[in-house]
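Everything on this sheet refers to the single structure shown next.
Computed from the coordinates by the stated procedures, all read-outs in this text should not be read as laboratory data. None of the values given here were measured: they were computed from a predicted structure. Positions of Cβ are backbone-derived with ideal geometry, glycine not excepted, and every protein chain shown enters the neighbour counts.
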Amino acid sequence: MKVRELEEKDLAAITEIARRALVLDPICEEVVAEKTVRAPDAFPHLGLVCELEGCVVGFVQGAVGVNTEDRSRGYIRLMAVDPRHQRKGIGSLLLAELENRLRALGLAELSVMDVPQNYFMPGLDFRYTSGVCFLLHHGFQMVHENHNMLCNIAPDQWEDLDKQAEQLSSEGFEIGRASRDEWPKVADLLLANWPAWCDEVRRALDNEPPALFVARKEDRVVAFAAYQGNNRAINWFGPMGTTPECRGRGIGAILLRLCLRELARQGWKQAIIPWVGPICFYARFCDAWLDRCFWVYRKKL
Ligand SMILES: CC(C)(COP(=O)(O)OP(=O)(O)OC[C@H]1O[C@@H](n2cnc3c(N)ncnc32)[C@H](O)[C@@H]1OP(=O)(O)O)[C@@H](O)C(=O)NCCC(=O)NCCS
């Protein structure tokens, strides 16, 4: 068995491993690439594969926190071992090497999957029993749980949506798709309220067309909702936020629905609302229901 750094040429192999091992997840090459070799927040020396008799049989992709709250934290962003080769010590070998590399960077803590700037799962879906046993075996402790919601979507679900958006103009709010040159104003809103979302929202804005709707008032952006900033290849909503002084006027509900309508227009029948958040807001405005539960595991390095 040999551990080496993950390379672009391993993408097909690790996608197949992820597909076999992460059976509860919508695995495709684009998503695996976005989490590993083509991650916008790339950490190439934290991507590792394990080879057995010349074949890649397992991988782990690590990451490092970039926000004020998590700068001393390393992450397992994605990890899987081919089910045909589990319980042979491959996962342990990969984890030990990742931990060594994170320790060498001076990091104090290791967390599993809840990487704010680029995540696929906000923790380990508790139904991955092998993952739970593996993490407990290696001294991790469950610290809290995160949830995803799901909702049904259709392109013509909210017939008067455009009219509702227009009505807000009488209150001085202009609702519409963001343009790339608006980034400084969007960034001002994020930095004042949700700095951890800057990378994800920036990527949503860079999509074609920009996957970001905003509410403008006077010369400011006061609310936003994004989709496919993370996990561009799938039906991924979020994040969204309205500045405190503009809440309670229905702006968030409209921005949410504009994003969901775009996902529906792409052909998706459901949207994932990850890592919630205001559960009752989503239940009310898009009939979303609580779906997956993710356990966040951490250990000191
Ligand atoms: C979690 C995973 C990566 C572990 O890989 P692995 O190569 O099988 O792990 P190891 O062989 O190093 O296991 C080390 C220890 O973890 C525990 N463990 C691992 N899988 C287990 C299972 N299915 N049941 C019970 N204990 C398990 C055991 O204590 C094991 O030691 P032992 O075999 O001597 O009893 C692999 O099972 C997997 O890909 N699971 C699905 C994806 C997943 O959960 N990914 C997230 C991981 S954070």
Of the GluC sites (Glu not before Pro) in segment 190-299, those whose Cβ has at most 15 other Cβ within 10 Å and which sit in DSSP loop: E218
Label-to-label distance, nm, for residues given as R20 and R284 (7 Å Cα→Cβ offset): 4.8 nm
FRET efficiency estimate (nearest 0.05) - Cβ-Cβ, L136 to A108, R0 22 angstrom: 0.60
Within the chain, helix-based [θ] at 222 nm, where runs of 4 or more DSSP H residues each add -39,500 (n - 2.57), nearest 500: -9000 deg cm²/dmol
Check: the chain dipole with +1 on Lys, Arg Cβ and -1 on Asp, Glu Cβ, in debye: 780 debye
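Using packing as a proxy for protection, rank 133-143, 234-244 so that the peptide with the highest average count of other Cβ atoms within 10 Å comes first.
Values: 133-143: 15.0, 234-244: 21.4.
Top to bottom by mean Cβ count within 10 Å: 234-244, 133-143.
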Per principal axis, descending, Cα span of the chain in whole Å: 67, 37, 34
Mean separation of Cα contacts under 8 Å, 6 or more apart, over the residue count of the chain: relative contact order %: 20 percent
Q270 long-range amide H proximity, modeled H, under 5 Å: I153
Cα-based radius of gyration of segment 154-268 once divided by 2.2 N^0.38 Å, which approximates compact folds: 0.98
Partners for K88 among lysines (Cα-Cα distance below 19 Å; same-chain residues under 8 apart left out): K2
Nitroxide proxy distance, nm - points 7 Å out along Cα→Cβ at R180 and A192: 2.6 nm
Distribution of pairwise C-alpha distances over segment 1-68, 5 Å bins, in %: 4, 18, 28, 25, 16, 7, 2, 1, 0
Ranked packing of 97-105, 271-279, 64-72, 252-260, most packed first, by mean Cβ within 10 Å: 252-260, 271-279, 97-105, 64-72
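Give me the net charge for the shell around W275: Cβ to Cβ below 13 angstrom, other residues only, Lys and Arg +1, Asp and Glu -1.
That sum, taken over residues with Cβ under 13 Å, equals -4.
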Additional length obtainable on full extension of the chain from A233 to S92, 0.36 nm per residue less Cα span: 47.7 nm
